[in-house]
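Read through the structure below, which is laid out as structure tokens, and then see the notes.
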Amino acid sequence: MSSYREIAQRIVKILVSPESVFGFWNGVMSVPKDVGYLAYGFIDTDSRSARENERIRMVTAIRYGILKNHNFIKTLEIVFAAFNQYVPEEKQNSIYSHTLFSVAGRSTSNTLISGRIAQSIAQKSSLFIGIRGSIIGNALLAGGMAERCIYTSRRLQSYVPEVYNALRPHNYDLLYFLLEPALQPFVEALHVRWTNGTSAFNQILDAVDNEFKKR
């Protein structure tokens, strides 16, 4: 896991410039990575039955439109909400006042600001993954990308159960691997809180404040 300062730096980068995660989607679309997951899936016989059930869930979710843009936005908003609930209001005011979306200052709710950031990331990701409709849908149903989707969801379940449990009812956990470049630092911060407590989480928030002051 990254250091607290590294987590803070990545959070700041995403909040200030949501488009900064744009380049990371090369990794999302990585064929070698998919092949690696496919190979691992073949030897991981212990979870084969559970993964087959997840694949059926994936097929159903795709059939009912999980890859539509509003679902990407909701996935991002849910993770931001999970993060924000542990950020004191004064810290939220400080953090979000530095974003491009806080035009109205503190009169604009932090929920609205984080929602706008979520929309910006989702829209930019959908432009980059503009081929996602049929091509990604087909890729998800065949081979390594499906395995990567499933394993990433399972990893999220053990890494930050709170986030997984918030995403799972709507099958948004299946989208997480596509949005991981944007969400990972927030999820890492929540993992720190879960494993090391509120004090450690607050150290990350303080580091976020310090990073903003350097700009």
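Residue under question is Val187, and the condition is that it be farther than 29 Å from Arg51 by Cβ and of a type in the set (Val, Ile, Thr); does it hold?
no
If you check Ile131 against the conditions, is it touching a Leu at 6+ places or on another chain (Cβ under 8 Å), closer than 26 Å to Ile66 by Cβ and modelled with pLDDT under 95?
No; evaluated as a whole, the condition is false for this residue.
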Task: Residue that is modelled with the lowest pLDDT [pool: residues in region 163-196 that are within 15 Å of Glu77 (Cβ to Cβ) and of a type outside the set (A, V, I, L, M, F, W, C)] - done: Tyr176
Open item on the list: So the check is Cβ under 8 Å with 6+ separation or different chains; which pairs have a first residue in region 61-77 that's on the phi < 0 side of the Ramachandran plot and a second one that's among the basic types (Lys, Arg) and part of a helix (DSSP H, G or I)?
Closed with: Leu67/Arg132
- [ ] Among residues belonging to region 79-99 that are modelled with pLDDT under 80 and over 20 Å from the mean Cα position of the chain (by Cα), point out the one that is surrounded by the most Cβ atoms within 10 Å (Cβ to Cβ).
- [x] His98
Open item on the list: Would you confirm, using the coordinates I've provided, whether Arg193 is over 13 Å from the mean Cα position of the chain (by Cα) and in a helix (DSSP H, G or I)?
Closed with: yes
Open item on the list: Any residue at all in region 151-158 that's surrounded by fewer than 17 Cβ atoms within 10 Å (Cβ to Cβ), within 16 Å of the chain's Cα centre (by Cα) and modelled with pLDDT under 95?
Closed with: yes
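The values are calculated or read from the model by the stated rules, or taken from the named source; none is laboratory data. Fair warning: this is a prediction, and the values are worked out from it, not measured in the lab. Cβ coordinates were reconstructed from backbone atoms using ideal geometry, including for glycine residues, and neighbour counts include every protein chain displayed.
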